[in-house]
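A short worksheet on the structure shown next.
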Amino acid sequence: MIEYENLSVVNKEFEDEYKIFFKDFIDSGWYILGKSVEKFEKDFAEFVEVDSFVGVASGLDAITLSLDALNLPLNSEVIVPSNTYIATILAIVKAGLKPILVEPDISTYNIDPYKIEEKISKNTKVILVVHLYGKPCDMDYIMDLANKYSLSVVEDCAQAHGAKYKNKKVGSFGTGAFSFYPTKNLGALGDAGGIATNDKKIFQKLQSLRNYGSSKKYINDYIGMNSRLDELQAGFLSIKLKKIDKIIEHKRKLASIYLKSLKDDFIKPVVEDDYFDVYHIFQIRHEKRDNIKDYLFKNGIKTEVHYPIPPHKQKAMKDILQGEYKISEKIHKEVLSLPISYCHSEDDIKKVCKVLNEF
């Protein structure tokens, strides 16, 4: 059986270093916001090519705190793609803001930049882009719109560590929110997240917001929360970060096999100049998605669906998100994620292609 993901295999390469670090961690006696967090924050800021990075507890918290740090009026509007994972929407709602959905481009699955302007109102304060599946958004056009209307830009980079638009890393255009959930290209051994920024004031505020709104013990300047990157996870992430370029290169190699070998019966990810895709997820699209998923499973190949239900169709969103989003619904109905993990070999991917082409 070709698993969709096997985290035990993914992390095997790093196991000896993990064990050495864990002993040092235990012996240190310092388990919250210590040297491991400081090191990872510094190293990841350099990786994203930004001035500062703040480690937090999860990707959801990273987006929520990125919005909190902007100090926006209650119910300010945040433009967001209609086909994102629900965490992006939850963060907006948790921050006391109003999500305004914009349909994606059917070819890239990212927010359609040319549909944003018609949704901008006097209450719009933020464009929240999502670099879905590891493909960067069209940031030139989006940043031009943000400048034109004096809007903040927050980037959901949960699936896009190392992705680049015109050779500039995602997360460095606006405020970049990252997830280090174990399946990500840079995955922890538990929940973890963080926020990249070039704004010194936002950086300082985020440091307080993640720690009960406090920058000095027992003195609280903001209504914050407990969302500190775990010292243990930070150490694991620093170890894996040294190999992130290797991980990305491997996934891009597997993606190239899919792109070259799969028949055109399947709608494959679009490849464009100026976009460096990191393929956290390799998705195909087909009207018979469910049949294909079953066929692959019967032939020893596991797949996933990212995501089966669009946000506006979720029960939790029935009083929050109104309207019809046909492009989003089509994507959610037809998209299928194929195996493309650091644990997979080129032969694994060739087998997937062979079985798919026989469908």
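Taking the Cα atoms of segment 56-109, the ratio Rg/Rh between the radius of gyration and the Kirkwood radius comes to 1.00.
Taking 0.36 nm per residue of separation and subtracting the current Cα-Cα distance, fully stretching the chain between Ile267 and Ile20 would add 84.4 nm. Taking other residues whose beta carbon is less than 10 angstrom from the beta carbon of Ser36, and scoring Lys, Arg as +1 and Asp, Glu as -1, yields -3.
Rounded to two decimals, what ratio of Rg to Rh does the chain give with C-alpha atoms and a Kirkwood Rh? So for the chain, dividing Rg by the Kirkwood Rh gives 0.97.
Count Lys and Arg as plus one, Asp and Glu as minus one, and take only other residues whose Cβ is under 14 Å from that of Asp112; the net charge is then 0.
Within 10 Å, count the other beta carbons around each residue, average over each peptide in 7-16, 46-55, 276-285, and list them highest first. Show your work: numbers first, answer last.
Numbers: 7-16: 13.8, 46-55: 20.1, 276-285: 23.2.
Most protected by this proxy first, the peptides run 276-285, 46-55, 7-16.
Compactness of segment 221-359 is given as radius of gyration and Dmax, 18.7, 62 Å, from Cα positions. Each peptide in 242-251, 207-216 was scored by the mean count of other Cβ atoms within 10 Å over its residues; highest first, the order is 207-216, 242-251.
What FRET efficiency would be calculated for the residue pair Ser150, Ser215, taking the C-beta separation as r and a Förster radius of 25 Å, to the nearest 0.05?
On the way: r = 28 Å, r/R0 = 1.13.
Efficiency, rounded to the nearest 0.05: 0.35.
Normalise the Cα radius of gyration of segment 66-189 by 2.2 N^0.38 Å (N = residues in it) and let me know the number. Rg over 2.2 N^0.38 Å, computed on Cα atoms: 0.99. Stretch Asp274-Leu74 to full length: gain in nm at 0.36 nm per residue minus the Cα-Cα span? Extending this stretch completely gives an extra 68.3 nm.
At a Förster radius of 35 Å, what calculated FRET efficiency corresponds to the Cβ-Cβ distance of Asn299 and Asp245, to the nearest 0.05? Display every interim value, and only then the final one.
Working: r = 33 Å, r/R0 = 0.95.
Calculated transfer efficiency: 0.60.
Sequence-distant contacts, meaning Cα pairs under 8 Å at least 6 residues apart, place the relative contact order of the chain at 23 percent. When segment 244-357 is described by a simple charge dipole with +1 on each Lys and Arg Cβ and -1 on each Asp and Glu Cβ, the residue from Ile247, Cys353, His280 located farthest towards its positive end is Cys353.
With +1 on the Cβ of every Lys and Arg and -1 on the Cβ of every Asp and Glu, and nothing else charged, how large is the dipole of the chain about its Cα centre, in debye rounded to the nearest 20?
Values: 51 positive and 52 negative charges, 75 e Å.
So the dipole magnitude of the chain works out to roughly 360 debye.
Here's the picture: a label point sits 7 Å out from the Cα of Ile320 along the beta-carbon direction, and within segment 104-125 nothing has its amide nitrogen under 16 Å of it. Under 5 Å between amide hydrogens, built in the peptide plane, is the criterion, and for Phe282 it picks out Leu338 among residues at least 5 positions away or on other chains.
Bear in mind these aren't lab numbers, they're just calculated from the coordinates by the rules spelled out. Keep in mind the model is a prediction, meaning the values are calculated, not measured. Note that each Cβ is placed from the backbone with ideal geometry, even for glycine, and that neighbours are counted across all protein chains shown.
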